[in-house]
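Every number here is computed from the coordinates shown, using simple stated rules; none is lab data. Computed from a prediction, not measured in an experiment: that's the story for all the values here. Cβ sites come from the backbone with ideal geometry, for glycine too, and all protein chains shown count toward neighbours.
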Amino acid sequence: MSGSLADADRARYVLRLADTSLILAQQLGAWIGHAPALEEDLGLANVALDLLGQGRLLLTYAGELEGRGRDEDALAFLREPADFVNLALAEQPNGDFGQTVMRQLLLDAWQIELFEALERSCDERLAQIAAKAVKETRYHLRYSSGWVVRLGDGTAESHERARQALERLWPYTAELFDADPLEEAIAAAGMGPHAAELAPRWRARIQDVLTEATLTLPPPASFRWYGKRGQHGEHLGHLLAQMQILQRTYPGARW
């Protein structure tokens, strides 16, 4: 268990992790049938399925912790955009293939550090979920880093697209390591790591990949959106409109 943490705080924290995986899975799923090659259709689909599985486990646990009778489906399909607490980086649009794999790299490197830390959580259920997720995330990182290197160290056009993607997405990485009172409490209770503790290893991983890709680590940038606090841009609303349409149109529908 997690010290003196209230179940509502534990649920909110788990929901942050769940929403990030769920939204990222939905984004990647949009590439199926549209990727540059059939092999990449399959690669992105496999990553999306892993993330969806993580999201489902975490959503189920969050629902149990909050004690309001909401299961994974209710949490995924019946919440409004402002109720989602995913990282803003996860909801950024796919753009071209270079932007998608760059977004994936930045989040994969963060999730590796996060899940490895969560394996040591005092919350046994969360530690078990993390132990499964970290194995999958190691594959995700190999996939995304391999593509960033191929694009960055490829043609002049692929290098430029990778550079532009990195510069566009970089400001959103500030949220990954900016702890708020909830994360401070989670860390103090031993349920999860302090957000800032993950930054040095994450940055080292990213630097290694960018060096091989002949790309330069951008300088720190200002950041406005904090998705984990329910502050979102317009992209999340469009994504949820597509993801939730069946359940919203036919409440309680079952296959």
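Dimensions of region 47-175 from C-alpha coordinates, computed as largest minus smallest value along each principal axis and given longest first, are 54, 32, 25 Å.
Helix content alone sets the calculated 222 nm mean residue ellipticity of the chain: runs of n ≥ 4 DSSP H residues at -39500 (n - 2.57) each, divided across all residues, give -21000 deg cm²/dmol.
The alpha carbons of the chain give a radius of gyration and a Dmax of 17.7, 55 Å, in that order. For region 131-176, taking the reciprocal of the average inverse distance between every pair of different Cα atoms yields a Kirkwood hydrodynamic radius of 12.0 Å.
The distance from the alpha carbon centre of region 100-150 to that of region 155-193 is 13 Å, rounded to a whole number.
With the biggest extent put first, the Cα atoms of region 162-255 measure 49, 39, 27 Å across the principal axes. Ordering Tyr172, Tyr139 by the number of other Cβ atoms within 10 Å of each residue's own Cβ, fewest first, gives Tyr139, Tyr172. Neighbour counting of Cβ atoms within 10 Å sorts the residues Thr60, Thr137, fewest neighbours leading, into Thr60, Thr137.
Summary value for the chain: 25 percent relative contact order, contacts being C-alpha pairs under 8 angstrom separated by 6+ residues. The charge dipole of the chain, taken about its Cα centre with unit charges on the Cβ of Lys, Arg, Asp and Glu (plus for the first two, minus for the last two), comes to roughly 140 debye.
Hydrodynamic radius of region 62-114 by the Kirkwood approach over all distinct alpha-carbon pairs: 13.3 Å.
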